[in-house]
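Just so it is clear, none of the values below were taken in a lab; they were calculated from the coordinates. Keep in mind that this is a model prediction, so the values were computed, not measured. Cβ atoms come from the backbone with ideal geometry, glycine included; neighbour counts cover every protein chain shown.
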Amino acid sequence: MSQPPLEKDQLLPAFRLPAADGMPYSLWDYKQRENLVLLFVQSATASTALLRTFAEHFQDFREENCAILVITANTVVGNLEAQATLKLPFPLLADPTGGVISYYTQWNAVQKTLSPSILLANRYNALYEQCITERESDFPAIAQVLASLRYLNSICTP
């Protein structure tokens, strides 16, 4: 069962998840240093086009002092295979039980499925924007996400 939706400026629920590179990642790793884009997708292989688009614009996100984390309902091994195939410049984090996913987007624990979600957080780990959809194609365009990050940088100085 999913938690109540997050609200703008709410501090994000803390998490620590394993990545395909074998390292654990947490929000604390980025606090007071970088803004975050969190992408919640069912699996990297099912979201190849979306992830390639973010990879193509990775340098644009870095210029906006932003890190990208992708959280999937897949296993570490499944993410490792996808990471090797797609050669993504950002980590794929595994949450096959949905323990973290359920705090951020709609999660069906029986079917182990989620509603795709994109979330922007400031460098203090507070929610700035979130979009939960039925289809990844309904996500805002990359240009819109980058514009939001530019604005966030203008109001949230280090």
Quiz item: So for the stretch 27-158: antiparallel DSSP bridges make up what percent, rounded to the nearest 5?
Solution: 55
Practice problem: Assuming 1.567 mPa s and 4 °C, estimate D for the stretch 1-65 with Stokes-Einstein, Rh taken as the Kirkwood radius over Cα pairs, in µm²/s. | Solution: 91
Practice problem: State whether the stretch 61-131 is rounded, prolate or oblate according to the following rule on the C-alpha gyration tensor (a ≥ b ≥ c being the square roots of its eigenvalues): a/c under 1.5 gives rounded; otherwise a/b larger than b/c gives prolate, and the remaining case gives oblate. | Solution: oblate
Exercise. Pop the C-beta distance of R16 and Y124 into the FRET formula with R0 = 22 Å and round what comes out to the nearest 0.05.
Key: 0.75
Quiz item: Ranked highest first by average number of other Cβ atoms within 10 Å, how do 25-34, 101-110 line up?
Solution: 101-110, 25-34
Quiz item: Length gain on complete extension for the stretch R135 to S43, per 0.36 nm per residue less the alpha carbon to alpha carbon distance?
Solution: 31.8 nm
Exercise. Can you figure out the FRET efficiency of Y151 with V77, using R₀ = 30 Å and their beta-carbon distance, to the nearest 0.05?
Key: 0.20
Exercise. Alpha carbons only, please: Rg and Dmax for the stretch 47-98, in angstrom.
Key: 11.3, 34
Quiz item: For the stretch 36-44, what does the Karplus curve 6.51 cos²θ - 1.76 cosθ + 1.60, with θ = phi - 60°, yield as ³J(HN,Hα) per residue in whole Hz, taken in order and with x for Gly and Pro?
Solution: 10, 10, 9, 10, 10, 9, 4, 8, 5
Exercise. With a/c under 1.5 counting as rounded, go ahead and sort the stretch 92-133 into rounded, prolate or oblate using the C-alpha gyration tensor (a ≥ b ≥ c being the square roots of the eigenvalues; past the cut-off, prolate if a/b is larger than b/c, else oblate).
Key: prolate
Exercise. Classify the chain as rounded, prolate or oblate from the Cα gyration tensor: take a ≥ b ≥ c as the square roots of its eigenvalues, call it rounded if a/c is under 1.5, otherwise prolate when a/b beats b/c and oblate if not.
Key: rounded
